[in-house]
Amino acid sequence: MKAVRFEAWHTAPALRDIDKPTPAPGEVLLKVAGAGACHSDVSVFQDYDESLPISRLLQPPFTLGHESSGWVEELGEGVEGIAVGDAYLAYGPIGCGHCRACSRGQDTYCENQATNPYAAIGLGRDGGMAEYMTVPVRNLVPLGDADPVAAAPLADAGLTPYHAIKNSAHVLVGGGKYALVIGLGGLGQVAVQILQAITGATVIATDNKADAMELAAKRGAVTVEGGEGQAERIREITGGRGVDAVFDFVGVKPTIELSRAVVAVQGAITIAGIANGTVEWNFMSTPYESTLTNTYWGTIEDLYEVAALYRAGKIEMDVTRFTMGQALEAYDKLIEGSVLGRAVVVPHA
Ligand code: ZN
Ligand code: ZN
């Protein structure tokens, strides 16, 4: 079968013919419906190497694709209660499965990471950019009759903003609250919709691409352009009080600086973009009792909730489809920034 393989550090992935996998006990074989191309894949194959501690969990070669969906094709030994043909999302992270973090479905923060063999499906373990993939039955989240192709990005582009927003829910409860979404790519567009669906906050959004701003405005966000006076204009919208919850899906120095410039007293800033921007912090640099945190992906329970929002029509995914033969092109377009929403590879198109 065809698969998009990450074969060596600092090297672009390659489209290869590999053997169709066999599900191990406790796993299923999924016929892949869709697999999203993510910026973190690009970081892995362009920027990472042995010098980073995380790289131990991402050893090439493996098949990319950590946000995937598919139809059950075959059951591994001991798997019951799953019907062949049913559509599922694959929850990507795979921890030890039995520590405190994994027990609450938070494999992302597994306490036994030091001895785990890989980080996730599509990150160290073979992922969904292939015709077929194996998934532990614990990682399957049912999609019912929802379109599994358009649903694929829910597993990361939906799950990551959902987890970040749920973590900040305490500052968004009550009337007259404001949330700011910085960066309106795959994750930011979903964040705008999730904020509308599960909080009563006024959503402000910013990006330097006009078409992304337009789409966010259509979804009810108040959009603010970048450039001179941006922070002042955002504060003005909040009546001068500042933003209660800021979600930075970029994470470069200027976006973190913007977050600090607009956050309210007792507000919350979450950095979900992994651009690794650095800022200095001191007592006077942020409003009193404001918090600055990061977040990584989400829990299995969160993915059930994201899938429920999708199935209820509360969030939609902006998807540009690519065939398996165009998979490498999907990454090229992602790198040049010319994909609106998420690039999804559809192996059985
Ligand atoms: Zn990702
Ligand atoms: Zn664990």
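Values quoted throughout were computed directly from the atomic coordinates according to the rules given, and no laboratory measurement underlies them. All of these numbers come straight from a predicted model, not from anything done at the bench. Virtual Cβ from ideal backbone geometry, glycine too; neighbours counted across all protein chains shown.
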TODO: Multiply the residue gap between Tyr304 and Arg233 by 0.36 nm, knock off their C-alpha separation, and tell me the result in nm, one decimal place.
DONE: 21.9 nm
- [ ] Enumerate the lysines that Lys209 could reach by cross-link, defined here as Cα to Cα under 19 Å, with residues fewer than 8 away along the same chain left out.
- [x] Lys218, Lys253, Lys333
Task: Rg/Rg_ref, the chain, where Rg_ref = 2.2 N^0.38 Å and atoms are Cα - done: 0.98
- [ ] Order the peptides 124-134, 47-57 from the highest to the lowest mean number of other Cβ atoms within 10 Å of their residues.
- [x] 124-134, 47-57
Task: Estimated [θ] at 222 nm from DSSP helical runs (n ≥ 4, -39500 (n - 2.57)) normalised by residues in the chain, nearest 500 - done: -6500 deg cm²/dmol
Open item on the list: I'd like the Karplus ³J(HN,Hα) series for segment 293-304: coefficients 6.51, -1.76, 1.60, θ = phi - 60°, whole numbers in Hz, and an x wherever there's a Gly or Pro.
Closed with: 9, 10, 8, 10, 6, x, 9, 4, 4, 4, 5, 4
Open item on the list: Quick check on packing: order 76-85, 334-343 by the mean number of other C-beta atoms within 10 Å, highest mean leading.
Closed with: 334-343, 76-85
Open item on the list: Give me the net charge for the shell around Ser168: Cβ to Cβ below 11 angstrom, other residues only, Lys and Arg +1, Asp and Glu -1.
Closed with: +1
Task: segment 44-120: C-alpha pair distances exceeding 15 Å, % - done: 67
- [ ] Kindly identify segment 89-174 as rounded, prolate or oblate by the Cα gyration tensor criterion: order the square roots of the eigenvalues as a ≥ b ≥ c, call it rounded if a/c is under 1.5, otherwise compare a/b with b/c, prolate if a/b is larger, else oblate.
- [x] oblate
Task: For Leu292, residues with placed amide H under 5 Å, excluding near neighbours - done: Ile269
Open item on the list: Under the rule a/c < 1.5 gives rounded, and otherwise a/b versus b/c splits prolate from oblate, where does segment 1-142 land using the Cα gyration tensor?
Closed with: oblate
TODO: Enumerate the residues in segment 289-332 having an amide nitrogen under 16 Å from the point lying 7 Å beyond the Cα of Ala169 toward its Cβ.
DONE: 298-310
TODO: Using a Förster distance of 35 angstrom, determine the FRET efficiency expected from the C-beta separation of Ser55 and Glu336, and round it to 0.05.
DONE: 0.85
- [ ] Report, by chain and number, residues whose modeled amide H sits under 5 Å from the one on Ala120, excluding near sequence neighbours (fewer than 5 apart, same chain).
- [x] Ile94, Arg125
Task: Cβ crowding within 10 Å averaged over residues, with 202-208, 249-255 ranked highest first - done: 202-208, 249-255
Task: Using alpha-carbon coordinates, inclination of helix 186-198 to the longest axis of the chain, degrees - done: 70
TODO: Starting from the Cα of Lys20, draw a straight line to each of the lysines and keep only those under 26 Å, dropping any in the same chain fewer than 8 residues away.
DONE: Lys2, Lys31
Open item on the list: Once you place label points 7 Å from the Cα toward the Cβ at Glu225 and Ser40, how far apart are they in nm?
Closed with: 3.4
